[in-house]
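Participant: Handing you a structure now.
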There are 2 protein chains.
Amino acid sequence: MNAPVSPGAWSQRAARRQRRLERASALARGKRVEAGQLVALLEAVLEPEDRVCLEGNNQKQADFLARGLTQVDPQRVHDLHMVQSVLALPEHLDVFERGIARKLDFSFSGPQALRLAGLLARGQLQIGAIHTYLELFSRYFIDLTPQVSLIAAHSADAQGNLFTGPNTEDTPAIVEATAFSGGIVIAQVNEWVDTVPRVDVPAGWVDFIVQAPKPNVIEPLFTRDPAQISEVQVLMAMMAIKGIYAEYGVQRLNHGIGFDTAAIELLLPTYAESLGLKGKICQHWALNPHPALIPAIEAGWVQSIHSFGSELGMEDYIRARSDVFFTGPDGSLRSHRAFCQAAGHYACDLFIGSTLQMDLAGNSSTATAGRIAGFGGAPNMGADARGRRHASPAWLKAGEQARQGLPGARGTPRGQKLVVQMVETFREHMQPAFVEHLDAWRLAEQAGMDLPPIMIYGEDVTHVLTEEGLANLLLCRTDEEREQAIRGVAGYTPVGLARDARMVENLRDRGIIQRPADLGVDPRDATRNLLAARSVRDLVRASGGLYRPPTRFRNW
Amino acid sequence: MNAPVSPGAWSQRAARRQRRLERASALARGKRVEAGQLVALLEAVLEPEDRVCLEGNNQKQADFLARGLTQVDPQRVHDLHMVQSVLALPEHLDVFERGIARKLDFSFSGPQALRLAGLLARGQLQIGAIHTYLELFSRYFIDLTPQVSLIAAHSADAQGNLFTGPNTEDTPAIVEATAFSGGIVIAQVNEWVDTVPRVDVPAGWVDFIVQAPKPNVIEPLFTRDPAQISEVQVLMAMMAIKGIYAEYGVQRLNHGIGFDTAAIELLLPTYAESLGLKGKICQHWALNPHPALIPAIEAGWVQSIHSFGSELGMEDYIRARSDVFFTGPDGSLRSHRAFCQAAGHYACDLFIGSTLQMDLAGNSSTATAGRIAGFGGAPNMGADARGRRHASPAWLKAGEQARQGLPGARGTPRGQKLVVQMVETFREHMQPAFVEHLDAWRLAEQAGMDLPPIMIYGEDVTHVLTEEGLANLLLCRTDEEREQAIRGVAGYTPVGLARDARMVENLRDRGIIQRPADLGVDPRDATRNLLAARSVRDLVRASGGLYRPPTRFRNW
C-alpha cells in the first residue's frame, strides 16, 4: 500500500483514467448514461482495490448508485476501499457482504451501527478509521483520495452542469478531490432539465450522469417535534441560557441535534427575550435549518445561519427568509458541509450537544457495545480550536477561566471554545448518563480499535449541564475538583450519590457548581408554556405557513 | 453593529443586491465591464460600511481591482470593512490612508507589516482581529460574510465562467461565501477566451468581469535557492529526518517556508535514502509545489501533494508529474487553500516550521515591535487538531509520549500532532532565537491586542530542534523540565547559558534532549554535498528542464 512510486512513469493516473473512460464509452452518449446501463457502467469504470466514495451524506443519499454498486459482479469488482462520510442505507453495507468492498473509512453509521459491528466481527469488513466529517474530507486530499466517486444531485443540464438543490452537503468536497486527481465522478440526478436553476457542480468536473428512476432519498434528521419536549428540558434550557449564553455573551454557536437544544431554540423569543438578551446572544449560527429555530428567526433574533445540509419542508421558508440563510440566486439553500464544519470549528464560540455516557474525567461517548456508530461532526465542533487566533468576549472569558493562576505553557493566555454537554442524569430505561467507565473502552477492545471511541474529550468539555445543576469545569484546578464537579450534578445516579458532599458544597460556594436557584432560575417557572411553539403545528403557524413538515410530523 | 434584525423585512439583502446591480447596469454589457469603467463600477456597487473581500492571496493578487478601489471617491465609498487574507500590495493599505476603508480583518501582512503598524498607531485603521487563513474563511460563513468580493482569475469565457489557472488559492472560499449570501462578485481576468481550459468558478457565481491591462501579480514565495542552504541547516535537517521523521514514521506532513525545511526536502533522496527510509516517510504532503522537492519527487519518494497555491515556474513540471499533484483535466494545478489548510490541520501528522523567537514555555512568535505581520497558515498547521479521531502510528506515538502516566482528563489516551520548531540558536545580526520574554507581549500592548500574537503555543509544540540538539517536549512532565529542555538546546544564547547543567544532562540521559551524536548524526557528515541539488540550476536539471524558475532565481 505504501510502495514507493516508481520513477519514470509519471502519468499512470491519467492513463488509468483514460482506460476507464474508454471502457465506458460505449455505454454513454456524452456524459449521459441510461439507468438500465448503470451496473455495466460501474463494472466498466471500477477496478479492484479502487478507493470509492459513494455519497452517503447525513441526509441526502446517492441511493440509486448505491443499489447499482451492490449489483456489480464481485468477480470483476472487488476489494473496494469505501471512503464515505455516512453509512445510512443497507446497500452501504451490502457491498461488503457481497465481497465487492473490503475496507471502510467513514464518519457516521447511525442506522447501520449494529450491522456494521456484526460485519466487522465476522471479518467481512475492515475499518481503516472512524473520522469526524471535516477530517475525512481532509484525508480526501492527502491519503484517501477517491479514484471513483458516486454522487447525488437534483438535476443536470445537457452539458452536464449539476444542481444539487438545498442539500449540497458533502458534494463539493467529494467532487473537488476526485475531479482534480484524475478520478471519475458519476452522478445520479432526479431529472434532466434545459437549464439548471444554478450550477452547483460545473459540467467539467463530472464524467457520467444517470437519471435515477426515483428521486434520491433525503431524511429530515433535524426536525424535533416541540410536543415531545419535557419540562425538565425546559428547565435545563433556562439554565443554559442564563448560566452560559448570557454569562459569556455567546453570539456564534452550533447546536447539536436533540430535544435539549430544541428547547433552547424555542425559549429564545420567550424566556431569553424576557431577560433582555435579544441582540446580545445567538445571532450567528452554524446549523442546519432547524424548524425549532423558526420562532426565534421570526422574532428577529437571528442574523445568519450557515448550514451543513438542509431540512425537508424548510424549502419555502428558507426562500422567504433569504436574509438569514445562505441561498443561491435561485432562492434555494446552498449548504456546504465542509465549509460549515470549518465554520463550526473556527468561527463559533460555543458547541452544545448531548451524549449517552460521561465518565468522571468528563470524557463522553455515544458508543455502546456491539454498535459502531461513529462520530459525525460532534468531535470537530466539540473540540477547542487550538489554531484559532481571533478573539471574542466569550472565547476570551472561557480561556481566562481555564488558565487563571496556571504557570508555564498551560498558563499562557489564550482563549477557549465553550463546549457544553447537556444531559439528563438518567436517559431512557433509567440508564445513568454518568458512569465510572465508558462503554467505549469495551467497544474498543471488541473491535480492536487503537483508542476508545470518545466523542468529546473531558479536556475539551467546559460545562456539564443536568437538571440538577451546571458544572463549570473551566474553573476546576485539580482532577479531584473536576470529578466532584461532575458528581455534583450527576443527581441520583450511582456516580452522583458517591459524591463528597462537603467538597461539592465548597465547589458550589466557589461558583463551580450552580444550582437552578443559584442562577436565579425557579424550577416552577419551567413549564412547557415557555416554549415559543408547543407542536409542529405551532411551528408551521409561526412560519406563516411557509414551513411544510413531512407527513410523519403532521397529526392534524 | 449587533443590532437585532427587525422582523418583517426579510429580503433586504436581495433588495440591496438588486439596487447595486441596477446602479451598475449601465456600465456593463452582461457581466462584462471595460477596464476604464472599473472605478465607476466600484462606486456604483459599493456602499459605505460594506464588508469587502479584496482578493489578496499569499501569491496571486487582484492588483488591478485593488488599484481601482484606491481611486473611488471617499465621499461616496467610505468606512469599508476589509476582510481579506493577505495584505501584500501597497494598495491594500492605501484604501485606509485615503479614508475609503476603516476596519480590517486579515491573516497575513508580511510585506506591509511595518506600514500597517503605523496606520494603526495613527488611528487610520482599526483591526478587528488577526486570523489564520482557514479561520478567516470560516468567519466568511458566520459573522464576516463579504457583501462585495473583488477576485482574480486567469481567463473568462463569454458566459462568465472563470479559469483561475494554477493559483486558485482563496478564490473558492471567497466566492462561495459571497455569491450564496446575496453579495456581488467582481473578477479581474487576464484575458477573454472562447473556452476556458476548465471551469474553476461557474459563471452563475460571478456578477462582473473586467479584463485587466496587465496580468495579475503573482509572487514566487516558495522558491528557495539551494545555494543559500548552510551546513548548519544540513545538520539540522539530518537530525530532523533521523530524530523525528524516522522515529515517528511520519508519512503525511506539511513544511513551512524557509531554508531549514528546504534542506530536509533536499536530503530525502540522499541522506534519508541512505538510511533506508524511502517509502517509510514523507509520502503525502500538504504543500505548495516547492521546487526543492523536485529531486525527492524524481527519486520516487512522493505519492501525493495537495497545494494551497502554486509556484511560478513549476507549471510544466506539475503538468508532467500529474500523478503527484492535483490537476484539472487541462493539466494545470488546481490549488485550494481552504481544503489544503483543512488537510494540513486534520490529515497531516507533522508540521515543521521556523520562528523568530521562542520563550521558556515554548511559545513562539514572529512578531516584532512596530510590525504587525499576522499569522498566515502556521497556527492552523502548528496546533494539535483536537477534533481528530483517526489514528496513525506517528500520531499515536506522540500522544502516548505526551500522556504517559498522567491522571484524569489529561491522561485519557488520545493522539497528538507533531509540531516541530526548527531554529538556529542565533538568527541574523546575532539576535538570539531564545528569549525570556517574547516581543509579542510588547506588540500586544502597543497595538491594544487582547492577546499577544503568539504564532505557535508552547502547549502545542512537541519538538524544538536547533544545531545543538533536539528537545522532545512531549516527554517533559513539569514546567521546569520543559524550561530546561529548551535551555538545553538554546546554545550560547543567554537563555542557553543559564541552563541548569545537571538537569540538562539528566534530560539527555532520559532521551528528552538528544545531541547529534545521540542520534547517530556526525556533524562532519553535514556538508552541502549531501544536498540533492546545490543550486537552482541543479533543480532545473533534476526536473529534466521542466522547471522554469523566474529570472531572479537564474544566474546562468
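No lab work stands behind these numbers, since they all come straight from the coordinates. Keep in mind the model is a prediction, meaning the values are calculated, not measured. A quick note on method: Cβ atoms are made from the backbone with ideal geometry, for glycine too, and the neighbour counts reach across all protein chains shown.
Participant: How big is the range A:322-460 by Rg and Dmax over its Cα atoms, in Å?
Facilitator: Here Rg and the maximum Cα pair distance are 17.9, 55 Å.
Participant: Averaged over all directions, how much area does the convex hull of the C-alpha atoms of chain B cover when projected, in nm²?
Facilitator: For chain B, the mean projected area of the Cα convex hull comes to 26.9 nm².
Participant: Any chance you could give the angle, 0 to 90 degrees and rounded to 10, that helix B:337-346 forms with the longest Cα principal axis of chain B?
Facilitator: It works out to around 30 degrees.
Participant: Okay, moving on. With no solvent and one equal point scatterer placed on each C-alpha of the range B:24-211, evaluate the Debye formula and give log10 I(q)/I(0) for q = 0.16, 0.19 Å⁻¹, two decimals.
Facilitator: These q points yield log10 I(q)/I(0) values of -0.92, -1.31.
Participant: Can you give the average number of partner chain beta-carbon atoms within 10 Å of each beta-carbon in peptide A:131-137, as a whole number?
Facilitator: 6
Participant: Could you work out the Kirkwood radius for the range A:268-307, taking every pair of different alpha carbons, averaging 1/r and inverting it, reported in Å?
Facilitator: Result for the range A:268-307 stands at 10.2 Å.
Participant: What does the charge dipole of chain B about its Cα centre add up to, to the nearest 20 debye, if the Cβ of each Lys and Arg holds +1 and the Cβ of each Asp and Glu holds -1?
Facilitator: 660
Participant: As a test of the definition: which semi-axes, in Å, follow for the range A:226-537 when you take the square root of five times each eigenvalue of its alpha carbon gyration tensor? Largest first, please.
Facilitator: Each semi-axis is √(5λ); the values are 30, 22, 21 Å.
Participant: So, one more: Which angle from 0 to 90°, rounded to the nearest 10, does the C-alpha axis of helix B:393-403 make with the longest principal axis of chain B?
Facilitator: Result, in degrees: 70.
Participant: Could you give the angle, 0 to 90 degrees to the nearest 10, between helix B:231-240's Cα long axis and the longest principal axis of the Cα atoms of chain B?
Facilitator: 80
Participant: Let me ask something else about it. Given the -39500 (n - 2.57) contribution per DSSP H run of 4+ residues, what per-residue ellipticity at 222 nm results for chain A, rounded to the nearest 500 deg cm²/dmol?
Facilitator: Calculated mean residue ellipticity at 222 nm is -7500 deg cm²/dmol.
Participant: In whole Å, what is the distance between the alpha-carbon centres of the range A:68-87 and the range B:128-167?
Facilitator: Here the answer is 37 Å between Cα centres.
Participant: Oh, and also: Compute the whole-percent fraction of alpha carbon pairs in the range A:314-364 spaced more than 14 Å apart.
Facilitator: 67
Participant: Which of the lysines could a cross-linker bridge to B:LYS60, judged by Cα under 16 Å and excluding same-chain residues fewer than eight apart?
Facilitator: The reachable lysines, counting only those whose Cα sits under 16 Å from B:LYS60, are B:LYS214.
Participant: Within 10 Å of each Cβ in B:407-417, how many Cβ atoms from other chains are there, averaged over the peptide?
Facilitator: Whole-number average of other-chain Cβ neighbours for B:407-417 is 6.
Participant: Evaluate the relative contact order of chain A (contact order divided by residue number), counting alpha-carbon pairs under 8 angstrom at least 6 apart; express in whole percent.
Facilitator: Relative contact order, chain A: 13 percent.
Participant: Give the average, rounded to an integer, of partner chain Cβ atoms located within 10 angstrom of each Cβ in A:9-15.
Facilitator: 4
Participant: Something else now. Tell me which of A:GLY353, A:THR425, A:SER365 sits at the most positive position along the dipole axis of the range A:353-460, charges placed on C-beta atoms (Lys, Arg +1; Asp, Glu -1).
Facilitator: A:GLY353
Participant: How big is the Kirkwood radius of the range B:1-103, worked out from every pair of different alpha carbons and given in Å to one decimal?
Facilitator: 14.8
Participant: Put the label 7 Å from Cα along Cα→Cβ for B:ALA14; what are its distances to the other copies, in nanometres, shortest first?
Facilitator: 4.6
Participant: I need the P(r) histogram for the range A:400-556: all alpha carbon pairs, bin width 5 Å from 0 out to the longest distance, whole percents.
Facilitator: 2, 8, 12, 15, 14, 13, 12, 10, 8, 5, 2, 0, 0
Participant: Aspartates and glutamates near A:LYS242 by alpha-carbon distance under 17 Å, same-chain residues fewer than 8 away left out - which ones?
Facilitator: Result set, ordered by chain and number: A:GLU231, A:ASP260, A:GLU265, A:GLU273, A:ASP349, A:GLU467, A:GLU468, A:ASP518, A:ASP522, A:ASP525.
Participant: Over what distance in Å are the Cα centres of the range A:514-551 and the range B:347-417 separated?
Facilitator: Cα centroid to Cα centroid, the span is 43 Å.
Participant: If you place +1 on the Cβ of every Lys and Arg and -1 on the Cβ of every Asp and Glu, how big does the dipole about the Cα centre of the protein assembly as shown come out, in debye to the nearest 20?
Facilitator: The dipole magnitude comes to about 840 debye.
Participant: Show the residues, 5+ positions off or on another chain, whose built amide H is closer than 5 Å to the amide H of A:ARG76.
Facilitator: Counting only residues 5 or more places away or on other chains, the set is empty.
Participant: Rg (Å, one decimal) plus Dmax (Å, integer) for the alpha carbons of the range B:347-398?
Facilitator: 13.8, 43
Participant: Another question, if that's okay. Using the Cα centre of the protein assembly as shown as origin and beta-carbon charges of +1 (Lys, Arg) and -1 (Asp, Glu), tell me which of B:VAL52, A:GLN251, B:THR527 is placed farthest towards the positive end of the dipole.
Facilitator: My answer, from the dipole projection, is B:VAL52.
Participant: Can you pull out the GluC sites (Glu not before Pro) in the range B:423-468 that DSSP calls coil and that have at most 14 other Cβ atoms within 10 Å?
Facilitator: B:GLU436
Participant: While we're here: Would you give the gap between the C-alpha center of the range B:227-274 and the C-alpha center of the range A:260-310, rounded to a whole Å?
Facilitator: If you average the Cα positions of each part, the centres end up 51 Å apart.
Participant: Just the Cα atoms of the protein assembly as shown: what Rg and Dmax do they give in Å?
Facilitator: Spelled out, the Cα radius of gyration and Dmax of the protein assembly as shown are 28.2, 85 Å.
Participant: What's the exposure ranking of B:ASP260, A:ASP225, going from fewest to most Cβ atoms within 10 Å?
Facilitator: A:ASP225, B:ASP260
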